[in-house]
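Below is one structure; the comments refer to it alone.
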Amino acid sequence: MLGWALTFLVIALIAALLGFGGIAGASAGIAKILFFIFLVLFVIAMIARAMKGKPPV
């Protein structure tokens, strides 16, 4: 999921450099949403791992 967020971020940067404001804004928005979803899932995974008694990596 983090890979997809980075992909959309790169697309947004390239589109912004070429002057495509709408595409850049949409790609940046998608990248932001995917990044926050990744963070939430990461925190949930760390909490679940700690509840099982395994130390964090």
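The values are calculated or read from the model by the stated rules, or taken from the named source; none is laboratory data. Source: prediction; values computed, not measured. Backbone-built Cβ (ideal geometry, glycine too); neighbour counts: all protein chains shown.
Do we have ILE11 as in a helix (DSSP H, G or I), surrounded by 11 or more Cβ atoms within 10 Å (Cβ to Cβ) and either modelled with pLDDT under 90 or aliphatic (A, V, I, L, M) (or both) here? Taking the combined requirement at face value, the residue satisfies it. For the range 18-40, residues that are within 14 Å of TRP4 (Cβ to Cβ) and within 11 Å of the chain's Cα centre (by Cα) total 12. Taking each residue of the range 40-52 that is free of Cβ contacts under 8 Å to residues at least 40 places away in the same chain and looking for partners that are part of a helix (DSSP H, G or I) and of a type outside the set (Lys, Arg) with beta-carbon atoms closer than 9 Å, six or more apart or interchain, yields PHE42/LEU2.
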